[in-house]
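All of the numbers you see were taken from the coordinates with simple rules; none came from a lab. Predicted model, so just to flag it, every value in this text is computed and none were measured. Here the Cβ is made from the backbone with ideal geometry for all residues, glycine too, and neighbour counts use every protein chain on show.
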Number of protein chains: 2
Amino acid sequence: MTTGKNGNTLISESELRDLGKRAFQSLGLSDKDVKDVVDILVIADLFGLSTHGFSRIESYGARLKVGGINPRPNITIDQVAPAMIKVDGDNGVGPVVGMRTLEAAMEAASQFGIAVAFARGSNHFGPISPYSLIAADQGFASIIGSNATTTIAPWGGSDARLGNSPLGFGVPNPGGKHFLLDMAMSVVARAKIRNAFKRGEQIPDTWGTDAKGNPTTDPKTALDGFLLPIGGHKGYGLALMVDLFAGLLSNAGYLTHIQSWQDEPDEPQNLGHFFILIDTKRLGSSQWLSERMIDFANILMDSPPADSDKPVIVPGMIELAKLEQQRKAGIEISTETLQLLKQYADT
Amino acid sequence: MTTGKNGNTLISESELRDLGKRAFQSLGLSDKDVKDVVDILVIADLFGLSTHGFSRIESYGARLKVGGINPRPNITIDQVAPAMIKVDGDNGVGPVVGMRTLEAAMEAASQFGIAVAFARGSNHFGPISPYSLIAADQGFASIIGSNATTTIAPWGGSDARLGNSPLGFGVPNPGGKHFLLDMAMSVVARAKIRNAFKRGEQIPDTWGTDAKGNPTTDPKTALDGFLLPIGGHKGYGLALMVDLFAGLLSNAGYLTHIQSWQDEPDEPQNLGHFFILIDTKRLGSSQWLSERMIDFANILMDSPPADSDKPVIVPGMIELAKLEQQRKAGIEISTETLQLLKQYADT
């Protein structure tokens, strides 16, 4: 371990894996489940998505301690149609339920070309892009979504009734760079509004509303209000659709039925996810796919940059480059997260 | 027929169907194919989506006349895996290829729970919501997308390299109101910029860029430039993902490989579409689904409106209300469109 930027620490992937493994073992998870959680959170941190990586040990750990998350879930997998699976996560740790659901969907998709797995009884499952990466590495294109605690008002409404639900897509490039998109439906994350407030800056009126649902340029007012979705009614519609697929169709909670883990850490959230997996190997050879994927990326990146300092980017490019770099140079982890991991690991 | 608002004409659904049928018969389509085109375009006009309804007879007709679209396609349907279908549209009229692809996907989804059908060799297939409606009426949830002629620059780029590709979602409410979302990835349609220009108004700098990719508030400059995607890099990423699924995976054209029907009306476009259909009847009873769908809509619509004149809306509500109203009162069609339909019908 060495000290990195911003007072963070650089830690090798194997050290982080070992520390994470011991921490979640000590929190009562089975060895198989520990492996799943560590796999997802390590990829999240390798991608540089530190808000969705091992920093989550804080809430996962606290909720496991107070019985809000079940450390030893009896996850059931029910094949309701040949290519359709319903998973009940029994309130397990999110990435455990997520990985079990992903695996079931990939297995069925390799038989039928496509499959969908719906999960209920779950919790925060990390970012989506690690699942998309695992799927893409095995030749699967994916559409994955989860619902979330309510932070967004209905379009035209005045109180939080839907979550900033993330939606992710992955398309594999065999042997090359996959395209991975992982996005929530708000224009910006709440953290960006908080940073503007700390710096004493105004915010664009497209970022958030006051507590009554009216757009505001004052960050403090926006922090007391709601996040605004991208493209107004379009992002609102997308967030709803993600919740319909992830929450309503999965038989999980949805909208205001989702418990807030912050307000009620000891209650099950009953979050839902959906995983649609498509086996691209049935569509053509890996050479056919790889050639098209490289051509696709080249067409985009050959567009002359509007600002010569900012080259054109494609979805997943930054995360995959960060993963490669941090596998070599070490993963940047906040000191607080490391301390908490060690504290659990040494319990 | 009676004269409606804005110099438009009100025509009954059956009259419009008959007129459309005779027009497309005269353009050389088979009876089965005529039915498909009319079904989609009638629903589009019933929904009030007049830019994507029978007004398209102008481009469809012109291109059929010059051989840019094949009036008698030999559409092939290839089941490459149990729940995965590849369709080659043989450059047929878009809604013909779209309907054949939708039908193949629904049939496989009813067997396997989910299915995907990819179409290549297609053309503009109308709006997405009519397909989502047909699917929802039979109990299928859907995710449908198409690629399109390039009008958007890559994020950070300076020339048009990707289409304003539409993406649609549908979730059925058996016996009630479905949720239908049909959106393109630009903040606004080009027509909205054109209207601002006609009125001599400035536009927000989030709508479009100049010809070099820099945001502009001048509508004339924006009309010479590119549309901006919703949420900046997020909408850009979504538009790319739609093209990867609809164009790249389907073995159709994609990005700049798509021919512009305006610049080269006599050339095949090789557009691609994807249809993912999920049979909700495998997930639970129609009563279970209907109760959850009604509860979901009520939670949203019970949010007190931020502006008391503007009630909260949910996706598809406006279109489904318009359909109901126009089925009774007649469908509003522009005089130009009616004249063109009659001209073809009486040829």
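Across B:Asn270, B:Asn195, B:Asn123, mean-square fluctuation computed from a Gaussian network of chain B (C-alpha pairs under 10 Å connected) peaks at B:Asn195.
If every alpha-carbon in the protein assembly as shown counts as one equal scatterer, what log10 I(q)/I(0) does Debye give at q = 0.07 1/Å? One equal scatterer on each Cα of the protein assembly as shown leads to -0.46. Each residue of the range A:231-241 was assigned a 3J(HN,Hα) from its phi angle through the Karplus curve 6.51 cos²θ - 1.76 cosθ + 1.60 (θ = phi - 60°); the sequence is x, x, 5, 5, x, 4, x, 5, 4, 5, 5 Hz, with glycine and proline shown as x.
So what's the net charge close to B:Ile143: Lys and Arg +1, Asp and Glu -1, counting the other residues with Cβ under 15 Å from its Cβ? All intermediate terms of the calculation are to be shown ahead of the outcome.
Values: positive: none; negative: A:Asp243, B:Asp182, B:Asp243, B:Asp279.
After counting each charged neighbour, the total is -4.
Under Stokes-Einstein, with the Kirkwood radius over Cα pairs standing in for Rh, what whole-number D in µm²/s applies to chain B at 25 °C and 0.890 mPa s? Each step should come with its number before you reach the end.
Numbers: Rh = 21.0 Å.
It comes out at roughly 117 µm²/s.
When the P(r) is computed for the range A:29-112, the part past 17 Å accounts for 52% of the Cα-Cα pairs.
Which translational diffusion coefficient, to the nearest whole µm²/s, is obtained for the range B:199-274 from the Stokes-Einstein equation, given a Kirkwood hydrodynamic radius over C-alpha pairs, 25 °C and 0.890 mPa s? Before the final figure, lay out the partial values.
Details: Rh = 14.1 Å.
Calculated translational D: 174 µm²/s.
Put simply, the convex hull of the Cα atoms in the range B:270-311 casts, on average, a shadow of 5.9 nm².
Taking amide H positions as modeled 1.01 Å from N, with prolines and chain starts lacking one, the residues under 5 Å from B:Ile331 and 5 or more places away or on another chain are B:Ile11, B:Ser12, B:Glu13. Relative contact order, whole percent, for the range B:1-106 stands at 19, derived from Cα pairs under 8 Å and 6 or more residues apart.
What's the exposure ranking of A:His178, B:His257, going from fewest to most Cβ atoms within 10 Å? Walk me through the numbers on the way to the answer.
Working: A:His178 23, B:His257 17.
The order, fewest Cβ neighbours first, is B:His257, A:His178.
If R0 is taken as 22 Å, the Cβ-Cβ distance between A:Lys192 and A:Gln339 corresponds to a FRET efficiency of 0.25. GNM on chain A, alpha-carbon springs under 10 angstrom: the most fluctuating residue among A:Val97, A:Val42, A:Val188 is A:Val188.
Neighbours of B:Ala246 by Cβ distance under 15 Å: Lys/Arg scored +1, Asp/Glu scored -1, total 0. Placing a label point 7 Å from the Cα of A:Asn74 along the Cα-to-Cβ direction, the residues of the range A:23-58 whose backbone N falls under 18 Å from that point are A:29-30, A:33. With all projection directions averaged, the alpha carbon convex hull of the range A:147-304 covers 12.6 nm².
Find which of B:Phe275, B:Ala239, B:Gly225 sits farthest along the positive direction of the dipole of the range B:220-347, computed with +1 on the beta-carbon of Lys and Arg, -1 on that of Asp and Glu, about the Cα centre. Result: B:Phe275.
How big is the gap, in Å, between the Cα center of the range A:10-54 and the Cα center of the range B:117-163? Cα centres, the range A:10-54 to the range B:117-163: 39 Å.
Under a Gaussian network description of chain A, with springs only between Cα atoms under 10 Å, the residue in A:Lys328, A:Lys281, A:Lys310 that fluctuates furthest is A:Lys310. Rounded to the nearest 20 debye, the dipole size of the protein assembly as shown about its Cα centre is 140 debye, using +1 on the Cβ of Lys and Arg and -1 on the Cβ of Asp and Glu. Mind checking which of A:Met84, A:Leu167, B:Trp155 is farthest towards the positive end of the protein assembly as shown's charge dipole, using Cβ charges of +1 (Lys, Arg) and -1 (Asp, Glu) about the Cα centre? Towards the positive end, the residue furthest out is B:Trp155. Taking label positions 7 Å along the Cα-Cβ direction at both A:Glu15 and A:Gln111, the computed distance is 4.5 nm, reported to one decimal. Arranged from fewest to most other beta-carbon atoms within 10 Å of their beta carbon, A:Val96, A:Val80 become A:Val80, A:Val96.
For the pair A:Ser30 and B:Thr217, what calculated FRET efficiency results from E = 1/(1 + (r/R0)^6), where r is the Cβ-Cβ distance and R0 = 60 Å, to the nearest 0.05? Before the final figure, lay out each step's value.
Details: r = 59 Å, r/R0 = 0.98.
FRET efficiency, B:Thr217 to A:Ser30: 0.55.
The magnitude of the dipole of the range B:187-226, with charges of +1 and -1 set on the Cβ of Lys/Arg and Asp/Glu and taken from the Cα centre, is near 220 debye.
Per residue, the average separation of C-alpha pairs within less than 8 Å and at least 6 apart gives the range B:187-226 a relative contact order of 37 percent.
Where does the charge balance sit around A:Pro265 when Lys and Arg score +1, Asp and Glu -1, over other residues with C-beta under 12 Å from its C-beta?
Working: positive: A:Arg63, A:Lys65; negative: A:Glu58, A:Asp263, A:Glu264, A:Asp266, A:Glu267.
Around A:Pro265, the charge tally is -3.
Given only helices, namely DSSP H runs of n ≥ 4 each adding -39500 (n - 2.57), what is the per-residue ellipticity at 222 nm of the protein assembly as shown, to the nearest 500 deg cm²/dmol? Intermediate values should be presented prior to the final figure.
On the way: 22 runs with 264 residues, N = 694.
It lands at -12000 deg cm²/dmol.
Backbone amide hydrogens, once placed in the peptide plane, bring B:Ser165 within less than 5 Å of B:Met185, excluding anything fewer than 5 places away on its chain.
Taking the inverse of the mean 1/r over every pair of distinct Cα atoms in the range B:81-153 gives a Kirkwood hydrodynamic radius of 12.7 Å. Taking the fewest neighbouring Cβ atoms within 10 Å as the starting point, the ordered list for B:Phe197, A:Phe54 is B:Phe197, A:Phe54. Placing unit charges on the Cβ atoms only, positive for Lys and Arg and negative for Asp and Glu, gives the range A:190-253 a dipole magnitude near 220 debye about its Cα centre.
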